[in-house]
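K.L.:
Would you mind keeping the following structure in view while I ask a few things?
The values are calculated or read from the model by the stated rules, or taken from the named source; none is laboratory data. Remember, it's a predicted structure, so these values are computed and weren't measured experimentally. Here the Cβ positions follow ideal geometry from the backbone for every residue, glycine too, while neighbour counts run over all protein chains shown.
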Amino acid sequence: MLMCFIITIFEKFLTTVMHKIFSFIIVSLLLLSASAAKSQTGNDTILLINGTEIITTVYDTTFGNVTFKNSKPEKDPITIESDDVYSIRNSKGESIIYHYDSAAGNDLTVEEMKYYIKGEQDAQKKFKPRGAFWTNMVVGAASGVTGSFLCPLPPFAFTSLCGLPKVKIKHSTVSNLEYLKHDTYIMGYEKVARGKRKTKSLLGGGIGLVAGLGIVWGILQPNHSALLQ
């Protein structure tokens, strides 16, 4: 009964880990698709609020939507909400789509949002949460080898808490040190950095937990059974 309960808890933990990994893969594929579009002929660059840039051809920007060419010619054009877009750049200049509207949740001014996005982009490109990954891998492995049905809790707890500590912004990860004078740049950087820290922590904890349980089930438990015989 105890082993069945452990397996059930572990399966739930593994499902959560796989969901995070799957989401990460989907986002990565979207970014790769956007990057692939850079090698194609594109007249416009769409800058999203999350910092992603898409080089494409914009067809329409009316009715609260932005419609642009799909990177796959055989596919229909892609339409996204204007609320997800900061600006559209082309040879004629930059057209700001984002606007300040506290009632709609746009609490930052256009200038503040520009630096917020710069922070997101720098953190996405250069922030490496290696400490969170390796630390939670150790936590997960140590929890796993106990064989307790509560063993998934420590890596889960660590993942939840690892987003709390202050993010140390290394100058080497900042594309322009003048950006650090703007609070919204730091806000954008910290948001992405904490998200990456949690994702890597969850991945490390999952790997460590699997390794720890593998030791219990594959090595310690058979040896214990052999000693009893």
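K.L.:
Exactly one of (1) part of a helix (DSSP H, G or I); (2) under 24 Å from the mean Cα position of the chain (by Cα); (3) not small (Gly, Ala, Ser) is unmet by residue 108. Its number?
P.N.:
(1)
K.L.:
So is residue 163 small (Gly, Ala, Ser), in a helix (DSSP H, G or I), surrounded by 15 or more Cβ atoms within 10 Å (Cβ to Cβ) and at pLDDT below 95 or not?
P.N.:
no
K.L.:
Suppose we filter 88, 78 for residues that are more than 14 Å from residue 53 (Cα to Cα) and in the same structural domain as residue 58 (by TED's automatic domain parsing); which single one remains?
P.N.:
Checking each option against the conditions leaves just 78.
K.L.:
Follow-up. In segment 104-118, what count of residues is obtained for those that are surrounded by 13 or more Cβ atoms within 10 Å (Cβ to Cβ), modelled with pLDDT of 90 or more and closer than 17 Å to residue 191 by Cβ?
P.N.:
8
K.L.:
Filter segment 191-215 for residues that are buried (at least 19 other Cβ atoms within 10 Å of the Cβ) and at pLDDT below 90 and give the result.
P.N.:
212, 213
For (1) over 26 Å from residue 196 (Cβ atoms); (2) within 18 Å of the chain's Cα centre (by Cα); (3) at pLDDT 90 or above; (4) not charged (D, E, K, R), each residue gets a yes or a no:
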| residue | (1), (2), (3), (4) |
| --- | --- |
| 22 | no, yes, no, yes |
| 32 | no, yes, no, yes |
| 48 | no, yes, yes, yes |
| 75 | yes, no, no, no |
| 81 | no, no, yes, no |
| 86 | no, no, yes, yes |
| 102 | yes, no, no, yes |
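K.L.:
Does residue 156 satisfy the criteria of being under 22 Å from residue 196 (Cβ atoms), surrounded by 13 or more Cβ atoms within 10 Å (Cβ to Cβ) and at pLDDT below 95?
P.N.:
yes
K.L.:
Can I ask one more? If you scan segment 177-208, which residues turn out to be without any contact (Cβ under 8 Å) to a residue 24 or more places away in the chain and not in a helix (DSSP H, G or I)?
P.N.:
none
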